[in-house]
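Take a look at the structure set out below.
The values are calculated or read from the model by the stated rules, or taken from the named source; none is laboratory data. If you're wondering where the values come from, they're calculated on a predicted model, not measured in any experiment. Cβ: placed from backbone, ideal geometry, glycine included. Neighbour counts: every protein chain shown.
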Amino acid sequence: MTAEPQKPRRAGLALLPILVFAALAALFWKGLFGDPNTLPSALIGKPVPEFSLGPVPGLDVPGLATADLKKGDVTLVNVWASWCIPCREEQPSLVELAKRPDLRLVSINYKDKPDNALSFLKQLGQPFTAVGFDDRGRAGIDWGTYGVPESYIVDGSGMIRFKLVGGIMQAMANGTLDAEITKAKTPLPPAP
């Protein structure tokens, strides 16, 4: 008895490279034309990570810890560094944003030197009620930070509701930031 050739299996294998190419092409297309400020975050809708950071040495505001983000206020957590050019560009917007009575503004100073961080804030304005000093970048990793600047909106129960990659100027200008702050004021439904 002779076995029949397996033509359907070979045809399926022949289509595999085409399917892989199509999937990669779709990913590249999305990367080229998608919004670079909306990188996915596994932490959206989850509690802020456990962390405790001391203050920037020489700065007259406290450090930042997980418990500080569970006090009932909607909080914007800005991750920045003095060596970051886009951070310099967004700082005036953060100074303006700090005037909002419905928003608490705190930050994580990421992989920086204390003197440089102090000089940055002195020169460009210090809008934060707390600044955690993350000189080794460990808290940034726990937050899922890709780079600086990044900002997170945290609701009053300590849940991360939104992540913005890059400066906040465009998100303020197009209303995205206001919309996300408003959404963060509404409690999340209970998990099933």
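Observations on the model:
- Scan of segment 90-113 for residues that are of a type outside the set (A, V, I, L, M), over 17 Å from the mean Cα position of the chain (by Cα) and in a loop (DSSP other than H, G, I, E, B), ordered by number: K99, R100, P101, D102, D112, K113
- Of all the listed residues (L69, L39), the sole one being surrounded by 11 or more Cβ atoms within 10 Å (Cβ to Cβ) and at pLDDT below 95 is L39.
- Any chance K183 is over 19 Å from L69 (Cβ atoms), of a type in the set (K, R) and surrounded by fewer than 21 Cβ atoms within 10 Å (Cβ to Cβ): no
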